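Engineer: So that we are looking at the same thing, I have put the structure below in structure tokens.
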Amino acid sequence: MDGKNVTKMTWQQFCKYQRWDEFPERKDNPPMTVDFSFWIDGAMYYCTGEDHGYIIADKDWNRIGYNKNFLMLLETPFWNEKSFHDRIDDILFEE
């Protein structure tokens, strides 16, 4: 997208990418170990830490969602009543 290298991931690959296996004690609220950008339906988004929690923002850094619990943020529906977790098969991740 926009000439950038993108890739797809399964939920299991995403969990490995975030290294959640290193934090078994935080199964209900695993940490975000890597900030990332991604594309859904041709629109770019960012996911990063902010205000002692985590946000998903659009390409202009307008907040789409915020939660202190990273997993809950990823499971909150923002796109046609579907969450990041629900839509992971449709998401392109910027490498």
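Engineer: Would you work out which of A43, T10, N67 lies farthest towards the positive end of the dipole of the chain, given +1 charges on the beta-carbon of Lys and Arg and -1 on that of Asp and Glu, about the Cα centre?
Structural biologist: Of the options given, the answer is T10.
Engineer: Beyond 14 Å, how much of the Cα-Cα pair distribution for the stretch 44-95 remains, as a whole percent?
Structural biologist: When all Cα pairs of the stretch 44-95 are counted, 51 percent exceed 14 Å.
Engineer: Another one. Return the calculated 222 nm mean residue ellipticity for the chain, to the nearest 500 deg cm²/dmol, obtained by summing -39500 (n - 2.57) across DSSP H runs with n ≥ 4 and dividing by the residue count.
Structural biologist: -3500 deg cm²/dmol
Engineer: For a Förster distance of 30 Å, can you work out the FRET efficiency between the beta-carbons of D89 and E50, rounded to the nearest 0.05?
Structural biologist: E(calc), rounded to 0.05, equals 0.65.
Engineer: Given a 1.4 angstrom probe, what's the average accessible area per residue across the chain, in square angstrom?
Structural biologist: 61 Å²
Engineer: List, largest first, the extents of the alpha carbons of the stretch 1-67 along their principal axes, each in whole Å.
Structural biologist: 38, 27, 15
The values are calculated or read from the model by the stated rules, or taken from the named source; none is laboratory data. If you're wondering where the values come from, they're calculated on a predicted model, not measured in any experiment. For neighbour counting, all protein chains shown are included, and Cβ atoms are generated from backbone atoms with ideal geometry for every residue, glycine included. Keep in mind that these areas ignore ligands, DNA and RNA; they rest on the heavy atoms of the full protein, side chains included. Shrake-Rupley method; radii C 1.70, N 1.55, O 1.52, S 1.80 Å.
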